[in-house]
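First the structure, in the form of structure tokens, and then the observations on it.
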Amino acid sequence: MHLLNELVRNVSAKLAHLRQNTTPAFWLPFLAGTLVTVFFALTLLPGFGSYVDELGVTGESETVQIDETAQEAETIVSTNTIRSGQSIYTILQSEGVTPVEIHSISEGLKGKFRPRSLRPGKTYETEKDSAGRLLRFSYFQDRATIIHVSRTAETDPFHVEKELKEYSTRTVALEGVVEKSLSASLNRLGRSGLLPGMKKLLSSRVDLRRDVPPGSTYRVLFEEKWLEDDFISSGRILAVEINLKGTTYSAYSYTNNKGENGYYDERGHSVERIARFAAPCGYSRVSSRFGYRTHPIFRTRHFHGGVDLVAPTGTPVRATASGRVIFKGRKGGAGNMVTIAHSGGDHSQYLHLSRYAVGTRYGKRVKQGEIIGYVGSTGNSTGAHLDFRIIHRGRPINPMTALKTTSSRTIAKADMQNYLAEVSLLKAKLDDRTIFIAGSGQSPDEPVM
């Protein structure tokens, strides 16, 4: 023990002498050289500096295994009415939510919910798991707004989401004669919002700004959004016909037996280019592209099976195409993930989600553009983004290329009879003056009521 103490004192004395007599010009290069040596020594260790794709994909030719989550347990949903004296706090407290959780919920409600709008007689809905634990509280704030307070499991935090109710849809028609321009004619009827849709459907055959002279006639069958008795906006066009110097150009909406909707002329030829996949979210840039890349630090090549779309946490993530949810859950480095199965052997995957949308669950059928979750940074991630992937018949493909893919369809022979019947029905509605909007069919000099 005495010898050990003596050794420690001698070493300490020599180190003190070295510190006093050694200048930074000596020890800084020495320290830098030592760190570089240690770094390169570590790179020789197995696994150091290597990159592994979040889902283990190593190349475009590799078959990707698609996992499915098990059927989720049934939940209990009940509808209740606000009673006099009740508040958000007392309702949540009665449902077993802790004061700390209620405080967090109150913070999330700011800017989305006015406590004074909680009135006796209004409706709210609760959803509980089999053990009676609250998973969701939904308050019907007004005719068009629902406030959701929800969590995926008992241990997860509650999140607040404001849902805008769907407006009622009415099918209406109008017809007119162009006096100066088509734009002016539609504006006179208060339906200028139809012009972009008409351009899209007719632009491959007619330039609506240049090729529509005064005296041209047009007819449009379309949907309108209403909230009870209040007109909100013009919606989807169902049929359009425009007659230019004796030639009629038309487009009719039709949904085939596969659920695919498009617009066709009277011969059944598509009048538009149709996108198979839609962008899953709004994003500022692509931070990592699909395919092989060189790691910025380790200079090693590795494969990335998707594209990283940079967006703020909480940005809505939408289904790129219609399909069925077959996976919703945690998946290792991918974090919170959703997988959707589409027709034609395609699958889309959405990685690193912060949370899931209300109602997203295994087996649910979703439409293109429907919100399924929200951008986050769960799993192996250094910042908020969506890792978006498309798998075609078991193999990864470049999502950005897939998003640009369009096609032009023609009505199949086996479906032509149904299509012609639908066109006849649309034409009959165009002739039905009981669904004409006010002022339609009048001459430009007549007052619009």
Query - Other-chain or far-sequence residues with amide H under 5 Å of H304's (modelled H) - result: G291, Y292, R293
Requested in this report: Can you check what the net charge comes to around T169, using other residues whose Cβ is under 10 Å from the Cβ of T169 (Lys, Arg +1; Asp, Glu -1)?
Outcome: 0
Query - lysines whose Cα lies under 22 Å from that of K364, excluding same-chain neighbours fewer than 8 positions away - result: K128, K162, K165, K258, K328, K331
Report summary line: In Å³ per residue, the alpha-carbon convex hull of segment 76-164 encloses 92 Å³
**Report entry** For D387, distant residues with modelled amide H under 5 Å away
**Finding:** L309, L351
Query raised in the report: Once the other residues with Cβ under 11 Å from the Cβ of G259 are scored (Lys, Arg +1; Asp, Glu -1), what is the net sum?
Result: +2
Query - segment 135-239: GluC sites (Glu not before Pro) in DSSP coil with no more than 15 other Cβ atoms inside 10 Å - result: E154, E166, E179, E228
Query raised in the report: Counting Lys and Arg as +1 and Asp and Glu as -1, what is the net charge of the other residues whose Cβ lies under 13 Å from the Cβ of G344?
Result: +1
Report task. Tell me, rounded to the nearest percent, the portion of alpha carbon pairs in segment 213-325 spaced more than 18 Å apart. Result -> 73 percent
Requested in this report: Would you kindly give the portion of the calculated P(r) for segment 285-405 that falls above 18 Å, as a percent of all Cα pairs?
Outcome: 49 percent
Report summary line: Inter-part gap, Cα centre of segment 100-148 to Cα centre of segment 214-283, in whole angstrom, is 38 Å
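Computed from the coordinates by the stated procedures, all read-outs in this text should not be read as laboratory data. Keep in mind it's a predicted model, so treat the numbers as computed, not measured. Neighbour counts run over all protein chains shown; Cβ positions are idealised from the backbone, glycine included.
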